[in-house]
Amino acid sequence: MSELGERDVHVWVVPLDDPDKKRRRELAHLAERRVLGAYLGVTPATVEITHGPAGKPRLAGDELQFNLSHSERLALLAVTRTLPVGVDVQAPHPTAEKTWFAKRICTAREYEQFLNDPRPDELLRLWARKESVIKARGLGSYIAVADIDVLDSEVEGGWLCVDLDLGDASTYHAAVTVHREPGVAVTTFSFSWD
């Protein structure tokens with residue numbers, strides 16, 4: 001396990017190779033406990049996860065911040081020492097080809113860019129970025145996503161949003177958002193079930 005510095009954001013890429021959707025969700029949460037346990041120096045079974053006022057998961061009795069996202073056969077877990085963090089991953093989806101979906105989630109500026117480049121990949125990228133911002137803020141999911149502009153790395157409210165390169169899983173789109181601080185470094189790791 002790599003050392004987690006004060007301004008480090010570690011993002012763990014977790015393969016979910018099971019045909020059953022329910023089982024994939026269980027595997028994502030199992031990986032979450034294994035990784036968090038390793039950072040805390042405890043067994044996965046003793047990792048106690050609670051929820052904040054708006055439902056964002058957090059550790060009981062520890063400042064370590066984390067966020068989990070899973071889509072189809074891939075999960076991501078972002079971990080920081082104390083910085084609020086959100087992560088999101090999106091598998092290819094037919095909704096991303098629909099103009100009505102773009103109108104629903106995009107700010108005026110984002111929608112104009114989408115009309116100039118109406119690729120489904122671009123809309124999934126924006127969606128992953130928006131979800132990661134919402135999750136980092138920890139204010140719940142009932143937020144007007146069309147009010148959050150994520151075209152730039154610096155997002156209103158003091159947030160930094162970064163697209164993640166998933167290598168072999170390049171059909172997925174993912175982003176991590178963290179409270180913007182000088183020297184923030186995002187590193188991606190591959191999770192192994194061994």
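The values are calculated or read from the model by the stated rules, or taken from the named source; none is laboratory data. If you're wondering where the values come from, they're calculated on a predicted model, not measured in any experiment. Here the Cβ is made from the backbone with ideal geometry for all residues, glycine too, and neighbour counts use every protein chain on show. Ligands, DNA and RNA are excluded from the accessible area calculation, which covers all protein heavy atoms including side chains. Shrake-Rupley method; radii C 1.70, N 1.55, O 1.52, S 1.80 Å.
Tabulated data for the structure shown
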{"quantity": "Helices (runs of 4 or more DSSP H) wholly inside segment 77-194 that include at least 3 residues being of a type outside the set (S, T, N, Q) and buried (at least 20 other Cβ atoms within 10 Å of the Cβ)", "calculated": "120-137"}
{"quantity": "Residue list for segment 30-54, filter: assigned to a helix (DSSP H, G or I), within 19 Å of residue 69 (Cβ to Cβ) and among the β-branched types (Val, Ile, Thr)", "calculated": "35"}
{"quantity": "Search result, residues across segment 58-74 that are part of a strand (DSSP E or B) and within 17 Å of residue 27 (Cα to Cα)", "calculated": "66, 67, 68, 69, 70, 71, 74"}
{"quantity": "Meets criteria (at pLDDT 95 or above and over 22 Å from residue 150 (Cα atoms)) for residue 35", "calculated": "yes"}
{"quantity": "Residue count for segment 12-21, restricted to those that are free of Cβ contacts under 8 Å to residues at least 60 places away in the same chain and open to solvent by less than 30 Å² (accessible area, probe 1.4 Å)", "calculated": "1"}
{"quantity": "Tabulated pairs, segment 146-173, first without any contact (Cβ under 8 Å) to a residue 24 or more places away in the chain and under 21 Å from residue 104 (Cα atoms), second open to solvent by 30 Å² or more (accessible area, probe 1.4 Å) and among the hydroxyl-bearing types (Ser, Thr, Tyr), C-beta under 7 angstrom, 6+ apart or interchain", "calculated": "none"}
{"quantity": "Only one of 25, 33 that is under 19 Å from the mean Cα position of the chain (by Cα) and free of Cβ contacts under 8 Å to residues at least 24 places away in the same chain", "calculated": "33"}
{"quantity": "Enumeration of residues in segment 34-52 that are closer than 25 Å to residue 6 by Cα and out of contact with any strand residue (DSSP E or B) (no Cβ under 8 Å at 6 or more places or on another chain)", "calculated": "34, 37, 38, 41, 42, 43, 44, 46"}
{"quantity": "Residues of segment 8-29 satisfying the condition of being part of a loop (DSSP other than H, G, I, E, B) and either in contact with a Lys or Arg (Cβ under 8 Å, 6 or more places away or on another chain) or of a type in the set (A, V, I, L, M, F, W, C) (or both)", "calculated": "16, 17, 18"}
{"quantity": "Segment 93-113, residues that are in contact with a Leu (Cβ under 6 Å, 6 or more places away or on another chain) and at pLDDT below 90", "calculated": "96"}
{"quantity": "Checking residue 129 against (1) of a type outside the set (Phe, Trp, Tyr); (2) closer than 27 Å to residue 5 by Cβ; (3) out of contact with any Cys (no Cβ under 6 Å at 6 or more places or on another chain), the condition it does not meet", "calculated": "(3)"}
{"quantity": "Which numbered condition residue 54 misses (of (1) closer than 19 Å to residue 166 by Cα; (2) open to solvent by 30 Å² or more (accessible area, probe 1.4 Å); (3) in contact with a Gly (Cβ under 6 Å, 6 or more places away or on another chain))", "calculated": "(1)"}
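Yes/no per residue for (1) small (Gly, Ala, Ser); (2) open to solvent by 20 Å² or more (accessible area, probe 1.4 Å); (3) in contact with a helix residue (DSSP H, G or I) (Cβ under 9 Å, 6 or more places away or on another chain):
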residue	(1), (2), (3)
23	no, yes, no
36	no, no, yes
43	no, yes, yes
59	no, no, yes
63	no, yes, no
72	no, yes, yes
75	yes, no, yes
